[in-house]
Every structure is written in structure tokens, then in C-alpha cells.
1. Calculate, for residue 198 and residue 96, the FRET efficiency according to 1/(1 + (r/R0)^6) with r their C-beta to C-beta distance and R0 22 Å; round to the nearest 0.05.
2. Tell me, what ³J(HN,Hα) does each residue in the stretch 219-232 have, in order and in whole Hz, if you take phi through Karplus 6.51 cos²θ - 1.76 cosθ + 1.60 with θ = phi - 60° and put x for Gly and Pro?
3. What angle, in degrees between 0 and 90 and rounded to the nearest 10, separates the Cα long axis of helix 74-91 from the longest principal axis of the Cα atoms of the chain?
4. Describe numerically, in nm with one decimal, the distance between label points set 7 Å from Cα along Cα→Cβ at residue 237 and at residue 140.
5. Take the cross-link list 159/267; 135/184; 29/177; 177/207; 207/274; 135/159 and give me the ones stretching past 25 Å between alpha-carbons.
6. Could you give me the ³J(HN,Hα) list for the stretch 99-110, computed from phi with Karplus coefficients 6.51, -1.76, 1.60 and θ = phi - 60°, whole Hz, x at Gly and Pro?
7. Along Cα→Cβ, 7 Å out, is where each label goes; now give me the distance between the ones at residue 116 and residue 26 in nm to one decimal.
8. Measure off 7 Å from each Cα along the Cα-to-Cβ vector at residue 83 and residue 263, then give the distance between these two points in nanometres to one decimal.
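Computed from the coordinates by the stated procedures, all read-outs in this text should not be read as laboratory data. Predicted, not measured: the structure shown is a model, and the values here were computed from it. Neighbour counts run over all protein chains shown; Cβ positions are idealised from the backbone, glycine included.
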Amino acid sequence: MADYGPPIYLTMNDKPRAILSGMDELPAKRQNLLELSRRRKWFPLVLFLAGFGFPLLDLLVMVLGYRMCVFSLVTPVCWIAALVMWIALRRNRMPVIPPLYQTVREILYTLRDDVDPKRTYFGHLDLSGTRLPTKVARETSNALGQVTQQFRDEWFSLKTKLYDGNALRLSAVQRDKVRKGYWKRSAISGKMKWKAEKFKGSLQELKVRISVNPEAYEIADTQTLPVGMTVGAYTIQQISANGGIIDLVAGSYTPHIEAVDVLSVLKAAYGLLKRKATL
């Protein structure tokens with residue numbers, strides 16, 4: 001499993017290009033630290049090999065007629081320093097930026113020119129982890145006392161006013177279902193054994209709401225985007241168009257959501273709009 005390092009949480013309330021610029025800083029800083037780490041990785045080996053040189057200096061001094069072993073005392077210091085540095089470099093390995101970070105950046109980048117110049121992106125990117133105690137939406141127990149937790153992690157949300165007057169709301173949620181670990185008595189030995197937690201499935205849910213500008217658009221027949229239709233990695237689960245608002249819910253059991261999947265659903269939802277004729 002990749003080491004994604006410290007959690008990432010980004011609150012968005014700014015112009016699209018300002019947010020994109022801020023998001024680009026994290027990979028750039030990581031790349032600079034990665035280059036620094038690559039240069040330092042040879043230090044432990046250099047110190048270790050340098051430790052062999054000091055006994056040779058003592059040997060040279062003895063050849064010259066002096067009875068001294070001062071330099072050899074530095075050797076264990078070098079080796080200890082090399083070990084400490086090696087452990088530190090191992091512990092400080094550069095974390096991998098989660099793939100969803102780039103997914104969200106691509107979505108924001110694609111939509112940047114569609115936003116009203118006077119408006120901002122508003123929302124958040126939450127890559128702090130799905131299975132946190134604060135994200136438990138529901139717990140259920142069966143007759144044996146086994147507890148199943150259902151997690152709800154809204155890892156991305158976005159709200160903005162578009163250039164054509166429509167308002168867009170987007171919410172991406174991951175729902176995990178996990179049976180908690182428990183103690184169970186063995187039917188054969190009678191001993192208590194620990195049963196580890198069991199992952200029981202994950203669902204990626206995408207909610208899209210478009211509040212239509214009535215002066216520019218009207219909503220066409222939603223039958224062109226029926227429930228059950230596959231769009232990208234998602235399957236349409238619910239869709240309605242009432243009061244000038246399109247509400248769409250799509251789901252996917254694909255573990256890794258990419259920007260093209262989300263953008264495909266947005267494009268399909270926008271395809272329900274029909275521009276009004278201008279005089």
C-alpha cells in the first residue's frame with residue numbers, strides 16, 4: 001500500500017486560478033524535498049566508509065614511531081552517526097500525494113473558464129482518510145454482537161456560479177462498510193481468538209445539482225439520461241428535474257475515481273439543457 005503521508009485538507013473560497021496555483025505548490029515542494037533527499041541518501045555510506053580511514057591514520061603514525069591510537073576513536077563515532085542518519089532518512093521517506101489530489105486539480109482546471117469571472121470556487125478537498133471515527137455515519141449489530149460500521153467520507157465538494165448564469169453544486173462521497181474486529185471462542189480448542197476487521201465493500205457516490213438560468217436555458221427530457229445508464233465509471237442512480245433544478249445521483253464501485261469520470265457525468269447532466277432561442 002502506498003504511503004500517502006500526512007492528511008491533506010484544503011478549504012476552497014477563492015478564484016479558480018488562485019486555488020490552482022496553491023494546489024500546484026504542494027507537488028513542487030515535494031519535488032524539491034525529494035531532490036534534497038536523493039542527495040542526502042549517500043551520506044550514511046560516506047560516513048561508514050570514512051570510519052575505516054582513521055585506523056589507517058593511526059597505523060601511519062605508528063610507522064613513523066609514535067605510540068598513539070587517537071584517530072581510531074573517531075571510527076565508532078562515524079559508524080554510529082551513519083546508523084542514526086540512515087534510520088532518520090528511512091523514517092523521513094517522502095510521502096506519495098494521493099491520486100485523488102490530482103483528480104480534483106484536473107476537475108478544477110477543466111472548469112476554470114466556465115466560472116463567472118466575478119465568482120469563486122467554494123468547497124473543500126478532504127484527503128484526511130475515510131475510516132476516521134468522525135466519519136462513522138451508522139453502526140449496526142447482528143445477533144452475535146458483531147458490529148458493522150458504515151463510513152461516509154465527503155472527500156470533495158464544490159459550489160460555484162457559472163459564466164452562463166447556471167449554478168453548479170458537486171459532491172463526491174466515498175461510503176465504506178467495515179465489520180469491526182471481535183473476540184470469538186473456537187469451537188474446537190475452546191480458546192478465544194481475535195477475528196480481524198473485515199472490509200465489506202465501498203461505494204463512490206457523486207451528487208450533481210444544476211440550478212438552471214431560466215433566461216438562457218430550459219430543461220429537456222431527462223429520459224435521455226435514464227436511471228441505470230453508465231457514464232464513465234459511474235452508473236446513474238437517481239435523476240430529477242423539478243422547479244428549474246437538475247438533481248442527479250450516480251454511483252460507482254470502482255475504487256479509483258478519475259477526473260474524466262466526474263467530468264463525464266457533468267457533461268451528461270449539462271446535456272439535458274436546451275438553450276433558448278434569442279431574438
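1. Numbers: r = 26 Å, r/R0 = 1.19.
That gives a FRET efficiency of 0.25.
2. Taking θ as phi minus 60°, the curve returns 8, 7, 5, 6, 5, 6, 9, x, 4, x, 6, 8, 10, x Hz for the stretch 219-232.
3. Tilt of helix 74-91: around 10 degrees.
4. So the label points at residue 237 and residue 140 sit 1.4 nm apart.
5. Details: 159/267 16 Å; 135/184 27 Å; 29/177 35 Å; 177/207 20 Å; 207/274 21 Å; 135/159 22 Å.
Beyond 25 Å between Cα atoms: 135/184; 29/177.
6. Result, rounded to whole Hz: x, 5, 4, 5, 4, 5, 4, 5, 5, 4, 5, 5.
7. 2.9 nm
8. Once both label points are built, they end up 5.3 nm from each other.
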